[in-house]
Amino acid sequence: MRTSRLVIAAVLALIGLAWIGQGSGLIAGSAMSGSPLWLIVGLVLIVVAAALVALERRRPTAQG
């Protein structure tokens, strides 16, 4: 379960980075480009991804 949560956190972080790029206007070519809403949503996703990683690091590993 630990690996899957870390993969989910990585995917959320990548999506967040893409949305930050679109919201800030660095990535052009879509309706999201230049919209501050997507910049904020991307930042929130980065925070959620960081929280998931932090929670997974604090969890004790299963000792079989």
- prompt: What ranking do V41, V7 get, fewest neighbouring Cβ atoms within 10 angstrom at the top?
  reply: V7, V41
Entry for Rg and Dmax of the Cα atoms in Å (calculated from the structure that is shown) out of [x] 13.4, 41; [y] 15.6, 50; [z] 14.6, 50: [z]
task: Please give the helix 36-58 orientation as an angle from the longest Cα principal axis of the chain, in degrees from 0 to 90, rounded to the nearest 10.
output: 10 degrees
- prompt: Can you run phi through the Karplus equation (6.51, -1.76, 1.60; θ = phi - 60°) for segment 16-29 and list ³J(HN,Hα) in whole Hz, with x for Gly and Pro?
  reply: x, 5, 5, 5, 5, x, 6, x, 8, x, 6, 10, 9, x
query: What number, in percent, do you get for the relative contact order of the chain if the mean sequence gap of Cα pairs under 8 Å and at least 6 apart is divided by its residue count?
result: 36 percent
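Rule-based calculations on the coordinates, nothing more; no lab input. Keep in mind that this is a model prediction, so the values were computed, not measured. FYI the Cβ positions are ideal-geometry reconstructions off the backbone, even for glycines, and counts take in every protein chain you see.
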